[in-house]
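Undergrad: Questions regarding the structure given below will be posed in turn.
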Amino acid sequence: MNKWMPKNALISAMTLSLALAGGLAAGSAQAKTFKWASAGEISTWDIHSQNNALQNGLHAAVYESLVYYNSRTFKIEPMLATSWSLVTPSQLRINLRKGVKFHDGSDFTADDAVFSLNRAMAKTSNFSPYVVGFDRIVKVDAHTVDIITKGPNPVLLRQMTELRMMSKAWAEKNNSVEPKDLKNVAQETFANRNAMGTGPFVLKQWVPDQKMVFDKNPNWWGKMEGNVTEIVYTPIKSEATRIAALLSGEVDLVLDPSPQDLPRLRSNNNLRVIDGVENRTIFLGMDQHREELPGSNVKGKNPLKDVNVRKALYQAIDINTINRVTMRGLSEPTGALVASQVDGWTETVNKRFPYSVDDAKKLLTQAGYPNGFEVDFACPNNRYINDEEICQAITAMWAKVGVKAKLRTLPLVTYFPMIQRYEASIYMLGWGVPTFDALYSLQSLTRTVGTGGDGNYNVGRYTNTRMDYIVDRIKTEVDFPVRNRLMTEGLQLASDTVSHIPLHNQVIPWAMKKNIDLVHRADNRIDWRLIKVN
Amino acid sequence: MLAFVLQRLIQAVVVMITVCFIAFLLFQYVGDPVVFLLGQDATPAQINELRRDLGLDQPFFVQFWHFLSNAVQGEFGLSLRQGAKVSRLIAERLPATLELALVAATLALVIGIPMGVYAALRRGTWASQLLMTVSLLGVSLPTFLIGILLILVFAVLLGWFPSFGRGDVVQMGWWSTGLLTTKGWQHITLPAITLAIFQLTLIMRLVRAEMLEVLRTDYIKFARARGLSNRTIHFGHALKNTLVPVLTITGLQLGGLIAFAIITETVFQWPGMGLLFIQAVTFADIPVMAAYLCLIALIFVAINLVVDLLYFAVDPRLRVGKVGGH
């Protein structure tokens, strides 16, 4: 515990009285600190400035949203909203929780909700994916707001899980009404370094790259299941040091142990490793637009436009070997573009085309390439788990059917701009689904490139009129059984036409001390409310 | 004298501008920060607008000129990733790096010199042979490996020292120091040793070689002839003359310690400038990278300048040479 920082008065009084009663009260009610580490440091505490997974997870402990995913079931559950109903198909009425207080003691009201939602829609906000289709926000009374959408929006509640609430008065007082303004290069907003929400934890101290300290919010409206009173997050960039810190007991949990350390960690009696499937699917995409691929020896035509060729490449990949050797079991092979937690997924769409070198050769012969061909293959080398190694393994597998892939691996800062310029012939991409709804994937990955998020990561420029029809339907279809059927159809169509070659869903192991009890969430976030230190 | 100083200053400015230019040139190839700023769902129109606002669409030399004219005023703009002023970010990280470098340099001197002297005076004994062999190890082992080994032994197996971070710090104005708390000293021990080992072995070998050289000179022989005690000869006469080149090298190496602390800082999660730089690279945060490289260049240039001026003060031959020569 840090002795140099002034403490929240109440907590320190509590700690003091506990310390005095030490001998008697040993056990249940003691102050418990939970320390955890991962590689990344967040860049800001502004809740709308950047959309980054680790950062959103940390923000969620201090700033709450109106609704959130339940950590165990991943169903939407009420947070700062208690109930909601559609007044018209494009008007959602939300009743806010009463008696909720911000960390500074002020009340949470409809004004704050309207302000926060508008802030997320601001030009400088990076949360546009979560306010897609929002038209305007209307205050009805002190504890009721309406979200008016441009049309029926079936994923509205899911979008709201990432829209957190900030105090209007606090933001106005502290020059933080708008998210970080990049054009204003002289001015830094207050909310960039400071945080003040309604959440179960209060940000006490943030020293970038050193530590972030949180105290339990004694006035939180909800009931804490866990027993933690203080949380310390430390970014530790070096993998070996991170594991060393866990082994030496300096941290209680490491969110991202490296795969090669896992056998050692699993065999350690003081530690526990829990594996959870992340809802991020890793797949390969293929250019299906250009008439001729640069770097290929096939001139005058693009072999990847032929579905037989794409299927041959698919069937030439021995996904079980990748799972066993490259990923050391840390993957869940998949035939679908989304993981099983995502709406629209079924057992059927998840079936892979079987691995078969013979079938692949036959398909290539049918397509007119009995001896294979040369093609460029691009991969990131610091984005996904073992990304470079996976691509090397695939290159070797394709070589067995005569396809000579010229592998080029790039760091993510150059890789992503490159594929977004449509320069890759075959590329690797991983797609997580924060909405747990297949629309998010189908729209970005398989819809013909257009506006408003249509095909924004369809960098192979796959196009299919039936797919476009399906995507446009599910954007506004509010009849959920119908919508789910359509999403499944879309996923099946992607599979049948080999729009992409799905590889696997990432499995994320968390390594922790034996005495820690918590829930592994599919979005790789820790729910701090549930942590028990035994 | 004035002409000499002026000449050196002009050289320093030329070096600085060249370093800034090369750094800036390199940054054109590290990746596009706009993609990170806007996230995955940005439209091309948004991207172009931001590029315009940030001045990234301007010709290279115009961008460089803006950068240089701001840099002269100590202004490097906002970090693209953190939205905080670069000058503030650097100022926050500077104390950690400087403290680490200073503690490491002190360690290297305090341990390296006596070891060097010992190895020179007891040449051929098994102890000095052992020192020489071990020092070879220190020179040739990469820093990150030393760091990891130290962590493994002293943090994981023995549990004597913490494996990461800076511990408790005390704020003194804008300077944060970890040297006033026990925790702070515990935290600095392993990284400082890691950073010091290369310098330490270098100093030791240098002292040994210089010492052996000096011990062969005539004035040492005369001193012996005068019947002075070994102690006076070794420490009063020989060591003093040995130290001149050693101090020069140490001074220059201080710049190196600051710059190459990057690896040590990454291994130990030491919150200094090196760690800031590494993260800036991952996110193509150009303002931070540029500011860091320019600052490191400035430190090197400043140390060199001071060393040059000290030479001028210490060595009369330099002055004579300027006036008219032999």
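The values are calculated or read from the model by the stated rules, or taken from the named source; none is laboratory data. Because the structure is a prediction, the values reported are computed rather than measured. Every residue, glycine among them, receives a Cβ derived from its backbone with ideal geometry; neighbour counts consider all protein chains shown. Side chains included, ligands, DNA and RNA excluded: accessible areas come from the protein's heavy atoms. Shrake-Rupley method; radii C 1.70, N 1.55, O 1.52, S 1.80 Å.
Undergrad: Please work out if residue A:261 is of a type in the set (Asp, Glu) and either in contact with a Gly (Cβ under 6 Å, 6 or more places away or on another chain) or within 14 Å of chain B (Cβ to nearest Cβ) (or both). Give the derivation first.
TA: Values: of a type in the set (Asp, Glu): yes; either in contact with a Gly (Cβ under 6 Å, 6 or more places away or on another chain) or within 14 Å of chain B (Cβ to nearest Cβ) (or both): yes.
Spelling it out, residue A:261 is indeed of a type in the set (Asp, Glu) and either in contact with a Gly (Cβ under 6 Å, 6 or more places away or on another chain) or within 14 Å of chain B (Cβ to nearest Cβ) (or both).
Undergrad: Turning to a different aspect of this structure: Taking only pairs six or more apart or across chains, which ones have beta-carbon atoms under 7 Å, a first residue in the range A:411-423 that is within 9 Å of chain B (Cβ to nearest Cβ) and among the polar types (S, T, N, Q), and a second residue that is in a loop (DSSP other than H, G, I, E, B) and open to solvent by 10 Å² or more (accessible area, probe 1.4 Å)?
TA: Note: pairs meeting the criteria are A:414/B:31.
Undergrad: Considering only the range B:141-164, I want to know if a residue exists there that is closer than 25 Å to residue A:42 by Cβ, free of Cβ contacts under 8 Å to residues at least 12 places away in the same chain and facing chain A (nearest Cβ under 10 Å).
TA: Checking the range B:141-164: not a single residue is closer than 25 Å to residue A:42 by Cβ, free of Cβ contacts under 8 Å to residues at least 12 places away in the same chain and facing chain A (nearest Cβ under 10 Å).
Undergrad: Within the range A:87-111, track down each residue that is open to solvent by 50 Å² or more (accessible area, probe 1.4 Å), over 20 Å from residue A:194 (Cβ atoms) and in contact with a helix residue (DSSP H, G or I) (Cβ under 9 Å, 6 or more places away or on another chain).
TA: Of everything in the range A:87-111, those that are open to solvent by 50 Å² or more (accessible area, probe 1.4 Å), over 20 Å from residue A:194 (Cβ atoms) and in contact with a helix residue (DSSP H, G or I) (Cβ under 9 Å, 6 or more places away or on another chain) turn out to be A:89, A:111.
Undergrad: Do we find that residue A:83 is away from chain B (no Cβ under 14 Å), in a loop (DSSP other than H, G, I, E, B) and within 28 Å of residue A:518 (Cα to Cα) in this structure? First the steps, then the outcome.
TA: Numbers: away from chain B (no Cβ under 14 Å): yes; in a loop (DSSP other than H, G, I, E, B): no; within 28 Å of residue A:518 (Cα to Cα): yes.
No: the conditions fail for residue A:83.
Undergrad: Is it the case that residue B:133 is farther than 30 Å from residue A:205 by Cβ, exposed (fewer than 12 other Cβ atoms within 10 Å of the Cβ) and either more than 14 Å from chain A (Cβ to nearest Cβ) or β-branched (Val, Ile, Thr) (or both)?
TA: yes
Undergrad: Would it be correct to say that residue B:121 is more than 17 Å from residue B:272 (Cα to Cα) and open to solvent by 70 Å² or more (accessible area, probe 1.4 Å)?
TA: Details: more than 17 Å from residue B:272 (Cα to Cα): yes; open to solvent by 70 Å² or more (accessible area, probe 1.4 Å): no.
The answer is no for residue B:121.
Undergrad: So residue A:368 ticks every box in (1) at positive phi; (2) outside any loop (DSSP other than H, G, I, E, B) but one. Which box is left unticked?
TA: All conditions pass for residue A:368, except number (2).
Undergrad: Kindly indicate which of A:179, A:129 is in a loop (DSSP other than H, G, I, E, B), at pLDDT below 95 and within 14 Å of chain B (Cβ to nearest Cβ).
TA: On the way: A:129 fails: in a loop (DSSP other than H, G, I, E, B).
Just one listed residue meets the conditions, A:179.
Undergrad: Right, something else. Could you check residue A:188 against (1) more than 23 Å from the chain's Cα centre (by Cα); (2) touching a residue at least 40 places away in the same chain (Cβ under 8 Å) and say which number it fails?
TA: Status for residue A:188: all satisfied but (2).
Undergrad: Here's a follow-up. I'd like the residue in the range B:171-196 that is open to solvent by less than 30 Å² (accessible area, probe 1.4 Å) and in contact with a strand residue (DSSP E or B) (Cβ under 9 Å, 6 or more places away or on another chain) and, out of all such residues, is farthest from residue B:259 (Cα to Cα).
TA: From the range B:171-196, those open to solvent by less than 30 Å² (accessible area, probe 1.4 Å) are B:176-178, B:181, B:184, B:187-188, B:190-192, B:194-196; that's our starting set.
Filter again for in contact with a strand residue (DSSP E or B) (Cβ under 9 Å, 6 or more places away or on another chain), leaving B:176-178, B:181, B:184.
On the way: B:176: 20, B:177: 19, B:178: 20, B:181: 26, B:184: 22 Å.
Top of the filtered list is B:181.
Undergrad: If you don't mind, there's one more thing I want to ask. Restricting to the range B:197-222, and then to whatever is in contact (Cβ under 8 Å) with a residue 12 or more places away in the chain and of a type in the set (Lys, Arg), can you tell me which residue is surrounded by the fewest Cβ atoms within 10 Å (Cβ to Cβ)?
TA: B:205
Undergrad: Here is a further query. In the range B:242-261, how many residues are more than 13 Å from residue B:108 (Cα to Cα) and under 9 Å from the mean Cα position of the chain (by Cα)? Give the derivation first.
TA: Of the residues in the range B:242-261, the ones more than 13 Å from residue B:108 (Cα to Cα) are B:242-245, B:248, B:252, B:255-256, B:258-261.
Filter once more, so that each one left must be under 9 Å from the mean Cα position of the chain (by Cα): B:252, B:255-256, B:258-261.
The total comes to 7.
Undergrad: Is it the case that some residue within the range B:233-241 is out of contact with any Cys (no Cβ under 8 Å at 6 or more places or on another chain), open to solvent by less than 50 Å² (accessible area, probe 1.4 Å) and closer than 21 Å to residue B:107 by Cα?
TA: Here is the first cut: in the range B:233-241, the residues out of contact with any Cys (no Cβ under 8 Å at 6 or more places or on another chain) are B:233-241.
Going one step further and asking which of them are open to solvent by less than 50 Å² (accessible area, probe 1.4 Å), we end up with B:233-234, B:236, B:238-239.
Among the residues that remain, those that are also closer than 21 Å to residue B:107 by Cα are: B:239.
Scanning the range B:233-241 turns up at least one residue that is out of contact with any Cys (no Cβ under 8 Å at 6 or more places or on another chain), open to solvent by less than 50 Å² (accessible area, probe 1.4 Å) and closer than 21 Å to residue B:107 by Cα.
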